[in-house]
Amino acid sequence: MTGASRGGRGSAAGRRAGRTAGRALQYLALAGYLVFLGFPLVWLASTALKTSREMARLDPTWIPLEPTLANFAAAFGEQDLVGAAQRSLVVALASAVLVVLIALPAAYALARFRSRLNRVALGWVLVSQVFPFILIIIPVFMILRTMGLVNTLAGLVVVHVTFCLPFVLWMLQGYVRGVPPVLEEAAAVDGAGRWRTVVSVVAPLLAPGVVAALMFGFISSWNEFLFALILLKDPQVQTLPLALVRFTGPEGVVRLGPLAAASLLATIPSLVFFTFIQGRLKGGMVSGAVKG
Amino acid sequence: MSSTTAPPRAEPPPPAAPRGPGRRPRAGRPDRSVLGLMLPALVPVVLFSVAPLVYGVYLAFTDARSGRNVDVAFVGPRNFADLLSDGDFWASFQIGLVWAVSVTVLQLAAGMGLALLLNQDLRLRWLARTLAMVPWAMPPVIVGLMWRLVYHPDAGILNATLRDIGLVSGDIDWLNDFSVALPAIIVVGVWTGMPQTTIVLLAGLQGVPRELREAAEVDGAGAWRRFRSVTLPQLRPVITTITSLNFVWNMNEFALVWVLTQGGPGGRTRLPMLYAYEEAFRYGFFGYAAAMGVAIVAVVLTVLAVYLRRQLKEMR
Amino acid sequence: MRRRILPLTAAALTGALALSACGTGADDGPVTLRFLSLAWQTESVEANERLVAEWNEANPDIRVEYVQGSWDNVNDQLMTGFEAGDPPDVIHNDSPALAGFAARGYLADLTGMIPEELKEDIRPEAWETATFGDQIVGVPFLQESQVFIANRELLEEADVRIPTPEDPWTWDEFAEASEELTDDDTYAVAWPLGNPVNRVLNLSLSYGGTFFEVDGEGRATARMGEPERAVLERIHDQIHTDRTADPGTVGMSGSDPLPAFFAEEYAMVQVGVYARQQVEEQAPEDFDWVTIPTPVGDTAEQGAASQTLSVAADSAHPEEAAEFISFFLNAENQVDLALGDWLLPTSQQAAAAPELNTEEDDWNVATASAQNLVVAPYLRVQGFDEWKNRVAQPALEEYFSGEIDIDELSERLETEGNDVLSRYH
C-alpha cells in the first residue's frame, strides 16, 4: 500500500511500473525494519565473541578480529547457566500451562454469561495493568512466606500465574466470544452434555487463542526479573535472569564479554520457541483481546 | 448445572424459537455456575493481587517507613499533600508523560508500517515475522544491557557507524548527555514494544474484509486514500485497545530504563516508577512511595477514561 | 462480591503478618547460614567459593551456603529480605549502605563477637567505616583508594616526573604536569565523572573538605566552605579553563575512558585502584602503564568506605555467623580476597604480604595508598544516600559539564540538600 499505485492511473503500463516501484519501496522499508530490529542482536553476538582486549579498542568492528569462545567458557564456568535455564524453562512452561487452565473456564464464563461479575472482572483486568507492581511486592512476599513458598520454584510459578492472569483472561474471553454460541447449541441439540460440548466443539476453535495465551504466559514468565530476585534466594533454585546480572561490579562496572555471551544464550530458547510457533499464530496473539 | 442427568442445556430448544437471542450472552440464573468457573482464577487474584493492592493503598495513608519495630501511624491525606508540593515528583511525572506518549505514538506508527508490510505478499516475510518478535523474546534486563553496548560512547557500534558515514565527528555519549538521553531511551522503548503492537495491528488488518479494499480500488482510490478511508476506520477498535495498553505499560516501565540509565543523567530519564522505586527501596519511605503509586494510577486512569470516551464517541 | 473481598483480604493479611512475626524455633542438629556474597571477578568468586568450602569441611556443624548476589541490586534484595524478616545471615555489602541499614536496626551489633586478634589486625581507620554510634555493624575487609593510571611513555616524552607514594604530586604540580602533557591530539587527564559524588567527596579530604556538619544528636547539615570547594574547582578548571582534561569523559563512569586511554588520547585516567585489573587485561600488549598516587593538598588523606561482612539482626545464629566472618577475614584469607578484587586489605598483616607489595601491576603503589585512607565523613550522615542521588549527583553533573558555576552548585548542595536531610532528623 505504501504509495504503490500513486504513479499512474492512466495506462496499464504506467500502473504496472508504479507497482514495481512500489514493490521496491516496500522491500526497502522492510529492509529498514529488519536492520533496526536485528542490529542490536548482531552487535550482542559480536561482543560475545570478542576478547576483552578487543572490546577496549576505539574503533569497534562488526566482525571480531580474533573471535574467541572464552566469554562463553567464563559464563558457563562461573554460573550454573544450564541449570538456571532448565529451571527457567520449567517455571515458564508451568506458568503458561497453569494460567491457561485457570483462565479458560473463567474466560468462558465471562464471555457466555451476563452477570455483575463481568464488569468487575473486566474492570479488574484493566486496573491490574495500571497498578505498579513495586507497591505490592512486599505484601506479596509476606503472603508467600506464610504459605512456605518463598525460595521455591512453585512460589514463583504462583506469582507469575497471578500476574499474567488478567491479560490472558482478557485475551481468551475475546476468543471465546469469537466462537458462535450457535455451535454449542447445535451440539447440545445432538444431546451432548455441557462439558462435552465445550471440549469437543469449543476447544478446537479456541486452539489459536490458547496457543497465543500459552505464548504470552511463557514469555512473561521467562522474562520476569524482580519477583525472581526477591523470592529465590538459594543458588539451587535461581532462574536465568538472575544468573545474568551476576557479572556486575560496584558503580555499574560490568564484565561485558561474559555478560553478552550469557545474554545471547538466554535469548536463544525463546527465539527458537518463537520461530517454531510463529507459523501457527497467523494473526494470533492479542487478537482475542481486541475483538472482545 | 444443578442436575447431572438432565442438564437444562440438553433440552432441545422449541423449534420455533428465533435464532436471534442465542447470539446474545445468556441471561438465566448463571451466577453459581459462573462462580464455579471463575473460582480457580479468583483465588490467586484475590490472594496475591487484590489483597496486596489493598494493603498498598492503605500504606499510602500512613507514614510507613522501613526499619525494625517501626510504629506505623495513619496520617490521612498528608502524603498526598506533600506530593503536591514535591517539585522533583512532578518533574519526573512530566518526564514520564513525555516518555509514555512518545513511545506509544512511535510504537503505533512504526508498528503500523511494519504490520502493513507484513500483510503484503512479500518474500522473506517469515524472516521478518520472526525477527519482529526478537525484542519481545528478550528479558528487559538484557535489552537494556544490549543497548548500552550499542550506545557506548567509545566502543559502541552506533558512534562507530555514524562516524564512518560521516554523520558525526566526535563521540556522543548517548545515555549521559542531558539532551539526548531521553530520546535515546525512547528509541529503545519503541524497539522493545514494537512486536506486540505490530502483531496486534496485523491481526486487525487480517480482519479487514478484502472486498472493502478491492471495492475502493475499483473506485480508483489511491493507496493513501484507501488506507485512510477503508483500513483505518476498520482498525479503529484495535488501535484504541493497543494504544491504551501501550500507554499504561509504558507509564509503568521500570526494568528497562533502570538498566539503561538508572534515571540519570541528572534525573533526566527518571520515570515516575523509578522515582517511586527509589523512594521505597532506597530510602525506605514506603508510605510516601505508595502515595506516589496511587497518584500515578489516578492520573493514568483519568487520561485513559478521557481517551477511551472520545474514541468510543468517534466510533459511533 | 466486592464487599466480600475486603474482609477476606484483611484476614489473609493479618494471618500473613501474624505468622511472619513468629520465627521457627527448633534448631538442633547442624546450623545452616546463608552467606550473600557480591564477588564478581573470576578470581574473587573462586576465592570466595574456596573459602566457603574450606570452612564447611572444617565445621560440619555450621554449614555455610554460598549465595551469589550482585552489586546491581543487592540493596533492593536486602531491603525486601529485612522487611519480611528473612534476610541472609552473613551479608557482604559496603559501608555507605551499612549506615542506612544500621540506623534502621537491621544489622546485629558485633561488638564482643570478634576475636581480639582480628580486631587488632584491622586498621582502626577501617573499623571506623563500619562503626555507627557504639555499634560495630560490619567487619571491614576491602578498601578502595583513588589513583591515576598513566601512560608511562607519554609522561617520559613530556619530561614529566613520575610521582611515587613517597614523593607524590601536589595538586599544583599535577596542574602543571597536565599543561605539559596536553597537546593537539592528547588531553592530559580523563576524569570519568558519571558517578562523581563519592569520589569527589573522598578526594576533597586532602583540603579538609567534609561537606557535612553533624551535631550532637546525629543530625547532619550540608556545608560548602572553602575546603569543600578546593578540589571541585581544580577539577572544573582542568576541564573548562586549562582544557587539560577531556570534557567528553565527564559523563563516563568507572573504566569507560580506558579504550581512548589505550589509544593515547589521554595521558592519565583517574580511577579506583581496582581498575588496574582491567588495564592489565585490556591494554594492548606493548602498552606501558604506571599507577600514580593522588595529588596531595594540605594533607595526603582521602576518604574511604569499605566492603564489609555483616550479620543480620534477624539471623537465628549470630554467634556462628560472627565465627564464620572471623575465619573468612583472617589475614591470610584477606590476601586472597584483595588479590581477587584488586583492592586493598584492611588487615595490616595482609597488607605486609609479599604478593601485595610487588612491583608487578603496581601492587606496591596501591598498597601504600592505603596508609592515607581515613573514614569518609559522609558515612556518618543519615540520609546521605538520598542527598547524593537526588541533589549532589545531578548538581555535580551540571557543574562539571559547565551548566552551573560553583556558587550555584554550593547553593544547591546546601539548600536542596538540607531539605532532603531534614527528612531524616
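The values are calculated or read from the model by the stated rules, or taken from the named source; none is laboratory data. The structure presented is a predicted model; accordingly, all values stated were derived computationally and were not measured. Glycine gets a Cβ as well: all are built from the backbone with ideal geometry, and neighbour counts include every protein chain shown.
Which of the residues spanning segment A:43-62 are aliphatic (A, V, I, L, M) and at pLDDT 90 or above? Within segment A:43-62, A:Leu44, A:Ala45, A:Ala48, A:Leu49 meet the criteria.
Per the conditions (1) more than 7 Å from every other protein chain (Cβ to nearest Cβ); (2) within 25 Å of B:Trp249 (Cβ to Cβ); (3) modelled with pLDDT of 75 or more, the sole criterion not satisfied by A:Phe141 is (1).
Of the helices (runs of 4 or more DSSP H) contained entirely in segment A:151-249, those carrying at least 2 residues that are at pLDDT below 75, more than 30 Å from B:Pro52 (Cα to Cα) and more than 9 Å from chain B (Cβ to nearest Cβ) fall at A:181-189, A:194-197. Could you please let me know if A:Val120 is surrounded by fewer than 18 Cβ atoms within 10 Å (Cβ to Cβ), within 12 Å of chain C (Cβ to nearest Cβ) and under 28 Å from A:Gly155 (Cβ atoms)? So A:Val120 fits the description; yes. Only residues that are farther than 23 Å from B:Val101 by Cα and part of a helix (DSSP H, G or I) were counted in segment B:216-261, giving 12. Of all the numbered requirements in (1) out of contact with any His (no Cβ under 7 Å at 6 or more places or on another chain); (2) more than 13 Å from chain B (Cβ to nearest Cβ); (3) farther than 26 Å from C:Leu373 by Cβ; (4) not small (Gly, Ala, Ser), C:Asp89 misses one, and that requirement is (1).
If you go through segment C:413-425 one residue at a time, how many are more than 11 Å from chain B (Cβ to nearest Cβ) and either acidic (Asp, Glu) or buried (at least 19 other Cβ atoms within 10 Å of the Cβ) (or both)? Spell out the reasoning first.
Of segment C:413-425, the ones more than 11 Å from chain B (Cβ to nearest Cβ) are C:413-415, C:417-418, C:421-422, C:425.
Now drop any that are not either acidic (Asp, Glu) or buried (at least 19 other Cβ atoms within 10 Å of the Cβ) (or both), which leaves C:413-414, C:417, C:421.
Here the count works out to 4.
Would you mind stating whether B:Gly156 is more than 27 Å from the chain's Cα centre (by Cα) and under 28 Å from A:Ala243 (Cβ atoms)? When the stated conditions are applied, B:Gly156 passes them.
Is there a residue being surrounded by fewer than 24 Cβ atoms within 10 Å (Cβ to Cβ), touching a residue at least 60 places away in the same chain (Cβ under 8 Å), within 14 Å of B:Ile185 (Cα to Cα) and of a type in the set (Val, Ile, Thr) anywhere in segment B:118-137? No; the residues of segment B:118-137 include none that is surrounded by fewer than 24 Cβ atoms within 10 Å (Cβ to Cβ), touching a residue at least 60 places away in the same chain (Cβ under 8 Å), within 14 Å of B:Ile185 (Cα to Cα) and of a type in the set (Val, Ile, Thr). With respect to the conditions (1) over 30 Å from B:Tyr151 (Cα atoms); (2) without any contact (Cβ under 8 Å) to a residue 24 or more places away in the chain, B:Phe281 falls short on a single one, namely (1). The residues of segment B:82-127 that are assigned to a helix (DSSP H, G or I) and among the hydroxyl-bearing types (Ser, Thr, Tyr), listed by number, are B:Ser92, B:Ser102, B:Thr104.
Filtered by the rule that a residue be loosely packed, with under 13 Cβ neighbours inside 10 Å and in contact with a Phe, Trp or Tyr (Cβ under 9 Å, 6 or more places away or on another chain), segment A:20-39 gives no residues. Filtered by the rule that a residue be touching a residue at least 24 places away in the same chain (Cβ under 8 Å), outside any helix (DSSP H, G or I) and either surrounded by 21 or more Cβ atoms within 10 Å (Cβ to Cβ) or not small (Gly, Ala, Ser) (or both), segment C:366-412 gives C:Leu373, C:Val374, C:Val375, C:Ala376, C:Val381, C:Gln382, C:Gly383.
Residue-wise test of (1) touching a strand residue (DSSP E or B) at 6+ places or on another chain (Cβ under 6 Å); (2) buried (at least 24 other Cβ atoms within 10 Å of the Cβ); (3) free of Cβ contacts under 8 Å to residues at least 40 places away in the same chain.
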site: A:Arg114; (1), (2), (3): no, no, yes
site: A:Val130; (1), (2), (3): no, no, yes
site: A:Leu144; (1), (2), (3): no, yes, no
site: A:Gly148; (1), (2), (3): no, no, yes
site: A:Val157; (1), (2), (3): no, no, no
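The one condition from (1) at the interface with another protein chain (Cβ under 7 Å from one of its Cβ atoms); (2) over 30 Å from C:Ala103 (Cα atoms); (3) under 14 Å from the mean Cα position of the chain (by Cα) that B:Val190 does not meet is (1).
Just one residue in the set B:Leu116, B:Leu149 is assigned by TED's automatic domain parsing to the domain that holds B:Gln234 and over 25 Å from the mean Cα position of the chain (by Cα); that residue is B:Leu149. Are any residues in segment A:85-117 more than 8 Å from every other protein chain (Cβ to nearest Cβ) and farther than 27 Å from A:Phe225 by Cβ, and if so, which ones? Selection gives A:Leu104, A:Ala107. Only one of the numbered conditions (1) crowded, with 19+ Cβ neighbours inside 10 Å; (2) over 29 Å from C:Trp342 (Cβ atoms) is violated by C:Asn59, and that is (1). Look at (1) under 30 Å from A:Pro181 (Cα atoms); (2) surrounded by fewer than 20 Cβ atoms within 10 Å (Cβ to Cβ); (3) facing another protein chain (nearest Cβ under 7 Å) and you find that A:Asp59 fails only one, number (1).
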